[in-house]
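What follows is calculated from the coordinates using simple rules that are stated; it is not laboratory data. Nothing here was measured: the structure is a model prediction, and the numbers come from that model.
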Amino acid sequence: MIEDLEAVSWGNLDCLDSPDLMWNAWKQLFTSVANKHGPLRTKRVRNKSSPWLTPELKRSVINRNYLKKKAVCSGDVGDWSAYKATRNNINNEIRQEKANYYHNEIKNNSGNGREIWKTINTLL
């Protein structure tokens with residue numbers, strides 16, 4: 001990467017009049033070299049919190065993911081059935097915990113319309 005950065009003609013930046021143009025040109029030159037050596041990767045980021053997910057459920061989800069990886073690698077029918085049974089149980093538990101969470105939130109805020117609507121809007 002250092003060799004490629006040294007090979008870039010940085011002298012062209014002096015010809016530009018505006019600092020904004022200089023910055024944009026520098027950024028373009030640098031990112032072209034950086035992308036060559038470390039291409040961008042996209043990553044999914046959740047912006048919604050899931051307060052109904054307890055540490056127990058999170059451990060179960062990790063176990064489910066492990067079972068899926070094991071089933072995909074082995075291709076064994078027994079591994080797939082174990083994964084599917086675990087998946088179905090966890091999905092049902094998550095569904096139940098989510099319903100309980102929202103039920104309790106609405107019940108706890110029964111006298112406060114503003115808080116009830118905040119809770120309902122998070123569902124939508």
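Just a few scattered comments:
- Dividing the helix sum by the residues of the chain, where each DSSP H run of 4 or more adds -39500 (n - 2.57), gives a mean residue ellipticity at 222 nm of -24000 deg cm²/dmol.
- Comparing Ser60, Ser49, Ser18 in a Gaussian network model of the chain (Cα springs below 10 Å), the most mobile by mean-square fluctuation is Ser18.
- Shape of segment 31-77, Cα gyration tensor, a/c cut at 1.5: oblate
- Rounded if a/c under 1.5, otherwise prolate or oblate - segment 41-111, Cα gyration tensor axes: oblate
- Structure-derived semi-axes √(5λ) of the Cα gyration tensor in Å: which label, when the choices are (1) 19, 17, 14; (2) 49, 30, 8; (3) 31, 17, 13: (2)
- Here the relative contact order of segment 20-108, from alpha carbon pairs under 8 Å that lie six or more residues apart, stands at 30 percent.
- Extended-chain gain in nm, criterion 0.36 nm per residue less alpha-carbon gap, Leu29 and Leu16: 3.3 nm
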